[in-house]
C-alpha cells in the first residue's frame, strides 16, 4: 500500500495544483520511483490511497501501470479528506492481504530493495510489523524510535539517553495490527475515522511485537520545496 492522500501543506504552492506524489523527481513523478522499485521486487498488486487531487494520481497511473495492478482507495471522494495513516490503511484492509508493505508516496529511497526473502522472514517472525529506520535528518533530530541489539523497535521517550532513529515510512505489516486490541476501528473504516499510525505501533512495541532494522541508503522525506529542488540538482542514481 502506498500512502498518497496527504495535502502537502509544506510543499505549497507546488501542491496547490499538483498532488505531492506527482511532483517530478529526476524526470518522473515521485510516486513512480516506489512503484518501479516494487515491480522490480516482484510485487504486482498495489493499493494507493488518495484524497487531495486524487483524481490526478489515478488518472496518471490508471488501474494498470505495467506490470502492476493498481487499486485506489479514494478517501477524498468517500469522506471529503484524508483519514491519516492508520485510518487510511484500515479503510483499505478489504483490499489487502494478511501481510503487506506500507510506504509513503512522498519519500524518495531509490536504493531500497523490496525483497520476497524479507517478506518470508517477516512471515515466520510472528511480529506485527517490521520497520526500516534511518539516521535522523536535520528536520527530525530527536528521531522516532529506538532499536535494540536484538532488532526490536523500541518506544523510547524523547529524553531517553539511548539513540533514536527516524521511521523511514517503509515497513512490512500484518493486518492483525489493525484489529483489536491494537486498533479499535472496524475493517474498512466505514465511518471514515481519522486515526494516526504511531499509537498503534507504540502499543505493539511495548509488547515486543515490532522489529526493525537500520537502512543507510539514499533516503529523503520530500517535505519541502527546498528538499525537492535539492534532489533535482543532484546527479541521478546510476
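The values are calculated or read from the model by the stated rules, or taken from the named source; none is laboratory data. Computed from a predicted model, the values in this text were never measured in an experiment. Reconstructed Cβ throughout: ideal geometry from the backbone, glycine too, with neighbour counts over all protein chains shown.
At-a-glance table
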| quantity | calculated |
| --- | --- |
| Residue match in segment 49-64 (condition: surrounded by fewer than 18 Cβ atoms within 10 Å (Cβ to Cβ), at pLDDT below 95 and out of contact with any strand residue (DSSP E or B) (no Cβ under 9 Å at 6 or more places or on another chain)) | yes |
| Criterion violated by residue 212 - all others in (1) within 16 Å of the chain's Cα centre (by Cα); (2) assigned to a helix (DSSP H, G or I) satisfied | (2) |
| Evaluation of residue 227 against (1) free of Cβ contacts under 8 Å to residues at least 24 places away in the same chain; (2) exposed (fewer than 12 other Cβ atoms within 10 Å of the Cβ); (3) under 25 Å from residue 31 (Cβ atoms) (one fails), failing number | (2) |
| Residue that is surrounded by the fewest Cβ atoms within 10 Å (Cβ to Cβ), among those in segment 66-95 that are out of contact with any helix residue (DSSP H, G or I) (no Cβ under 9 Å at 6 or more places or on another chain) and not in a helix (DSSP H, G or I) | 80 |
| Residue satisfying all of: in segment 1-17; within 12 Å of the chain's Cα centre (by Cα) and not in a loop (DSSP other than H, G, I, E, B); surrounded by the fewest Cβ atoms within 10 Å (Cβ to Cβ) among these | 2 |
| Output for segment 164-176, where each listed residue is crowded, with 21+ Cβ neighbours inside 10 Å and touching a helix residue (DSSP H, G or I) at 6+ places or on another chain (Cβ under 6 Å) | 172 |
| Condition check for residue 147: buried (at least 17 other Cβ atoms within 10 Å of the Cβ), touching a residue at least 24 places away in the same chain (Cβ under 8 Å), under 29 Å from residue 110 (Cβ atoms) and touching a helix residue (DSSP H, G or I) at 6+ places or on another chain (Cβ under 9 Å) | no |
| Odd one out for residue 58 among (1) touching a residue at least 24 places away in the same chain (Cβ under 8 Å); (2) under 22 Å from residue 14 (Cβ atoms) | (1) |
| Segment 26-48 - residue that is over 18 Å from residue 113 (Cα atoms) and touching a strand residue (DSSP E or B) at 6+ places or on another chain (Cβ under 6 Å) and, of those, surrounded by the fewest Cβ atoms within 10 Å (Cβ to Cβ) | 47 |
| Selection within segment 175-205 - in contact with a strand residue (DSSP E or B) (Cβ under 9 Å, 6 or more places away or on another chain) and more than 13 Å from residue 92 (Cα to Cα) | 177, 197, 198, 200, 201, 202, 204, 205 |
